[in-house]
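Q: The structure under discussion is supplied below as structure tokens; questions concerning it will follow.
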Amino acid sequence: MPQMIDHIDAIARRKQRDALFVTFFDDPSGERSPHHCKSHPARAAIVEWLGAQGYAWQPCGEVADERMMVSYRGSIYIDVPYDSSNPSYRALEAFLEYPDGSLRMPHMRFLVIGLDDAQKNAHHDEPGFWERWAERF
């Protein structure tokens, strides 16, 4: 069944805050394979942990770019404020990263998009923007 997936920058604008997300790739070069995104071992482990801990999350696209069309690659938005004083954020960070900031799981990235950066694509939120874009693509 088709599913609408928001880009991470649109989520940040809707939430009006920085937004946390995790991306996945298949090999050390950073190349991604859209063919295995939902069965990626790190993704499966993270989704399982988020569910067990009661975190809200949703699939998300990476930052929208009008210059290209990219298929869904398995990225997920995690609905926790990026705030080191927030206990939920600290628990998430401890699950994903070692104390030195390196990642606990291979072939993934734990990222944040700042609201200021997300605002650069605010014109994408205008009614009909993506429909008009698709017609010109």
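Derivation of every value follows stated rules applied to the coordinates shown; laboratory data play no part. Values in this document were obtained by computation on a predicted structure and should not be read as measured data. Cβ: placed from backbone, ideal geometry, glycine included. Neighbour counts: every protein chain shown.
Q: How much of the DSSP bridge set in the chain is antiparallel, in percent, rounded to the nearest 5?
A: On the way: 13 of 14 bridges.
Of those bridges, close to 95 percent are antiparallel.
Q: Order of L50, L92, L111 from fewest to most other C-beta atoms within 10 Å? Before the final figure, lay out the partial values.
A: On the way: L50 19, L92 22, L111 14.
In increasing order of surrounding Cβ atoms, one gets L111, L50, L92.
Q: On C-alpha positions alone, give me the angle between the axis of helix 41-53 and the longest principal axis of the chain, in degrees, nearest 10.
A: It is inclined by approximately 80 degrees.
Q: Follow-up question, since we're still on this one. Could you work out the helix-only [θ] at 222 nm for the chain, with each DSSP H run of four or more residues adding -39,500 (n - 2.57) and the total divided by the number of residues, to the nearest 500 deg cm²/dmol?
A: On the way: 5 runs with 44 residues, N = 137.
Helix contribution divided over all residues of the chain: -9000 deg cm²/dmol.
Q: Give me D116, D100, D65 sorted ascending by neighbouring Cβ count inside 10 Å, so fewest comes first.
A: On the way: D116 9, D100 5, D65 12.
Ascending number of Cβ neighbours within 10 Å: D100, D116, D65.
Q: Just flag the trypsin sites (Lys or Arg not before Pro) in the range 48-113 sitting in loop per DSSP whose Cβ has no more than 10 other Cβ atoms within 10 Å. Numbers along the way, then the final one.
A: On the way: sites: R67, R73, R90, R104, R109; in loops: R67, R73, R104.
Of the trypsin sites (Lys or Arg not before Pro), the ones in loops of the range 48-113 whose Cβ has at most 10 other Cβ atoms within 10 Å are R67.
Q: I would also like to ask the following. From the backbone phi of the range 86-98, what are the Karplus-calculated ³J(HN,Hα) couplings (6.51 cos²θ - 1.76 cosθ + 1.60, θ = phi - 60°) in whole Hz, Gly and Pro given as x?
A: 8, x, 5, 5, 4, 5, 4, 4, 5, 5, 8, 10, 6
Q: Are there GluC sites (Glu not before Pro) in the range 44-77 that DSSP puts in a loop and that have at most 13 other Cβ atoms within 10 Å, and which ones?
A: E66
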